[in-house]
Amino acid sequence: MRFSLDWLRAYVDLPETADEVAELLAQAGLPVDSVERWGADHTLDVDILANRPDCMCHLGLARELAARTGRPLRIPPGSPAFGREKAEDLATVEIADGDLCSRYTALIITDVTVGPSPSWIQDRLASIGLRPINNLVDATNFVLHEMGQPLHAFDLDRLDGARVVARRARAGEHLQTLDGENHSLEENDLVIADASRALAIAGVLGGAESEITPSTTRILLESAHFDPVAVRRTSRRLGVHTDASHRFERGTDPGITLVAALRAAALIQESGSGTLARGEIDVQCMPAERRSLSLSPARLGALLGMDVSCDRMAALLTPLGFQVSLPEPGRQEHLMVEVPTWRVDVREEVDLIEEVARMVGYDQIPATVPAFHSTTSPGSRPSAAWDRARSFMAAAGFAEAIHFPMVARGPQETFAAIVAGGGELVTLDNPMNRQMDTLRASLLPGLLDSLVHNRNRGRDHAQLFETGRIFREQAHDSGNTQAKDLPVERTLLAAVSRGPGGLPHWRRHPRELDFYDLKGILEGMVDRAMGEPATLTRPETGHAPGFLDPLAAAQVTIHGDRLGWIGRLAPAATAAWDLPGDILAFEVDLTGAPTARPRARHTPVPRQPAAERDLAIILPADVRYHRLEALLRAAGGDLLESVSLFDRYVGSPIPAGRVSLAVRLTFRAPDRTLTTPEVQNIVDTMVSSLRSELGGELRDT
């Protein structure tokens, strides 16, 4: 695309030579294909990519040069003189299809005399290869190449009803354009029409029936924003490509329509012609989008391999027209950036990072080895997290079961509370039979069926697990009259254990798995699948789900979000299956498990010796162990390496309502050997906290 160096200098001071200006543009990511002399001027052939329509004009290119050099940008004046008549009394504008035309601005200019443009306008246009025509056409062409906004002038006296309508073409409608061609229009084509017929193909080319002639005295000056896809579709179908369609197809600035029209009106008046009616006709179906994006220095550093401070990023982006809000002190460090309406290409954070990279200079980005992320590893498949979970459960001695998702409703109502935030059970409208009339909301009833199946065939003990989808109705507020939505689907993992676990061995007797065995298996499986440890918390009295024994139940969470439950099934919940003895079970929702394999966590072998202390602590019986451990870790700080419970005692001489817990504390410093006084000071702090916060004390004997 051709640009005049003298024209650029009208908006920004450029003492550099043409070749030096070309180098500045290249550094900004706008390569110059050639530089040619044009009389006393120079023209630059700049390679403007399709995603930068804001640079397809002299003002846009000058903005880039001003930001690159740190010099001020001069905005061209646009203050025409107004007459007595009101624009709204002379014409009307309507947008019939707002999805294709979001804004239509019209100015009415009367007392027009068609004649030549001032010589300086003719020289500007000639320098970029355009032939001057007359003061009206030259003004619209000048603004197109100055501001990037296509304009079109209609002869107002040739508009039926002095009315303009932006609408879809009607079936069978035809239009003769300014190039003399007759075009058959389709219903998806956007046209500018008057009260009776189409006058122009919107964003592409004007029509012959409303063109400016030497006898024109009144014009309607159009400055609009059209849908890029619609313009591109019509332009390609008709085989017509114009300077206007070239810009509309790539996206124009919806916020500049009035400014550009006023600039053109001022240029027309500068030729000694025209009176501008007071007030513009500005119809908007939707306001110009003002996008706000967050920009993180950490994300920028990860992509560019270099650190750029928030202050510097703001200083680089502001000259380009971005409005930057710096982070408040003490808050998370990121910038909020409001994107100017002319930057239709900036839609995500990575686009802002590209802008910072351009302004820093591509040659200033250090050469670093990029991080390699494999995209073909089996560990990155969407099902990889579940594969890890299944592998862990199989290694723990559990056999995988598979059941139909269509089940009987009764057992599901007992176990449906396992998942947080669920709606009603999903009932099938056309079930295969009565025993398959509901989509399952829990995997546990199916696993209990399999335990019965194994018991009936002589295997009285079994450890089973299953992964599968469960279904719940969308949870709606009361009074919602909307149509039924599709059910919510979640992927769960459930396990049951009954009887001894593990393989039989001649050297040892089989042992029944207890709650703590299943707890360890659950914690290992969650850590393998999620890459983070689970937290198990005993529920408050009356808050355990009805299918679990409240004395042996725990809620499973990660970062406070409930994943599910673990515990011993209540006899009343399993009565329908007639399974004697204890049955342990858990069911957790791992839908959010990462697809990529969690990074292995390694701890180096300690280089310093450890110091161990055993404490026998008497506490109120209602104090949970996790509270005790949290208090000890808080008091021990970084020097406390581990806390382990190795004994629990209730009875004489421990007072009634109290319990004795024995814990082993391991202390270690990474850089030195801890002294006995250091360790004792920490233990004294722990004992003081025990007394004040938990009502505990050390056991004397």
What residue, of Thr537, Thr574, is under 22 Å from Ala462 (Cβ atoms), touching a residue at least 60 places away in the same chain (Cβ under 8 Å), outside the structural domain of Glu629 (by TED's automatic domain parsing) and of a type in the set (S, T, N, Q)? Thr574
Is at least one residue of the range 318-340 without any contact (Cβ under 8 Å) to a residue 40 or more places away in the chain, assigned to a helix (DSSP H, G or I), of a type in the set (Gly, Ala, Ser) and surrounded by fewer than 20 Cβ atoms within 10 Å (Cβ to Cβ)? no
Matching residues in the range 49-89 - criterion: being surrounded by 17 or more Cβ atoms within 10 Å (Cβ to Cβ) and among the small types (Gly, Ala, Ser): Gly60, Ala62, Ala66, Ala67, Gly78, Ala87
In the range 69-80, is there at least one residue being within 22 Å of Ala18 (Cα to Cα) and touching a Cys at 6+ places or on another chain (Cβ under 8 Å)? no
Single residue of the range 668-701 satisfying the filter (closer than 21 Å to Gly657 by Cβ and acidic (Asp, Glu)) that is farthest from the chain's Cα centre (by Cα): Asp700
Out of Gly203, Gly239, I need the residue that is within 22 Å of Arg168 (Cβ to Cβ), outside the structural domain of Glu333 (by TED's automatic domain parsing) and in contact with a strand residue (DSSP E or B) (Cβ under 6 Å, 6 or more places away or on another chain). Which one? Gly203
Can you find a residue in the range 284-293 that is more than 23 Å from the chain's Cα centre (by Cα) and surrounded by 14 or more Cβ atoms within 10 Å (Cβ to Cβ)? yes
Log entry, pairs with first residue in the range 198-218 being within 10 Å of Arg158 (Cα to Cα), second being in a helix (DSSP H, G or I) and not polar (S, T, N, Q), beta carbons closer than 6 Å, six or more apart or on different chains, reads Ser210/Arg158; Ile212/Leu136; Arg218/Leu156; Arg218/Asp157
Quickly run through the range 370-425 and pick out the residues that are modelled with pLDDT of 75 or more and in a loop (DSSP other than H, G, I, E, B). Ala396, Gly397, Phe398, Ala401, Ile402, His403, Phe404, Pro405, Ala408, Glu424, Leu425
Answer yes or no as to whether Arg664 is surrounded by 11 or more Cβ atoms within 10 Å (Cβ to Cβ) and either at pLDDT below 90 or β-branched (Val, Ile, Thr) (or both). no
Can you find a residue that is surrounded by fewer than 18 Cβ atoms within 10 Å (Cβ to Cβ), out of contact with any Gly (no Cβ under 7 Å at 6 or more places or on another chain) and not β-branched (Val, Ile, Thr) anywhere in the range 140-155? no
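Kindly indicate whether Ile121 is assigned by TED's automatic domain parsing to the domain that holds Ala153 and over 42 Å from the mean Cα position of the chain (by Cα). Step through it out loud before you land on a result.
Values: assigned by TED's automatic domain parsing to the domain that holds Ala153: yes; over 42 Å from the mean Cα position of the chain (by Cα): yes.
Yes; evaluated as a whole, the condition is true for this residue.
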Among the residues of the range 539-552, the number that are at pLDDT below 85 and either in contact with a His (Cβ under 8 Å, 6 or more places away or on another chain) or buried (at least 17 other Cβ atoms within 10 Å of the Cβ) (or both) is 3
Which residue out of Pro670, Pro677 is out of contact with any Lys or Arg (no Cβ under 6 Å at 6 or more places or on another chain) and in a loop (DSSP other than H, G, I, E, B)? Pro670
Condition (residue is outside any strand (DSSP E or B) and either more than 40 Å from the chain's Cα centre (by Cα) or at pLDDT below 80 (or both)) applied to the range 517-527: is it met by at least one residue? yes
With the condition kept exactly as written, say whether any residue in the range 296-308 is touching a strand residue (DSSP E or B) at 6+ places or on another chain (Cβ under 7 Å) and among the β-branched types (Val, Ile, Thr). no
Residues (over 18 Å from Gly180 (Cβ atoms), surrounded by fewer than 16 Cβ atoms within 10 Å (Cβ to Cβ) and small (Gly, Ala, Ser)) located in the range 228-250: none
Having 1 or more residues that are of a type in the set (Phe, Trp, Tyr) is the bar; report the strands (runs of 3 or more DSSP E) wholly within the range 25-124 that clear it. 32-38, 82-86, 101-110
Could you tell me which residue of the range 553-573 is surrounded by the most Cβ atoms within 10 Å (Cβ to Cβ), considering only residues that are β-branched (Val, Ile, Thr) and in contact with a Ser or Thr (Cβ under 9 Å, 6 or more places away or on another chain)? Val556
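Yes/no per residue for (1) over 17 Å from His58 (Cβ atoms); (2) touching a Phe, Trp or Tyr at 6+ places or on another chain (Cβ under 8 Å); (3) among the basic types (Lys, Arg); (4) free of Cβ contacts under 8 Å to residues at least 40 places away in the same chain:
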residue: Val137; (1), (2), (3), (4): yes, no, no, no
residue: Phe142; (1), (2), (3), (4): no, no, no, no
residue: Phe154; (1), (2), (3), (4): yes, no, no, no
residue: Leu159; (1), (2), (3), (4): yes, no, no, no
residue: Leu175; (1), (2), (3), (4): yes, no, no, yes
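The values are calculated or read from the model by the stated rules, or taken from the named source; none is laboratory data. Keep in mind it's a predicted model, so treat the numbers as computed, not measured. Glycine gets a Cβ as well: all are built from the backbone with ideal geometry, and neighbour counts include every protein chain shown.
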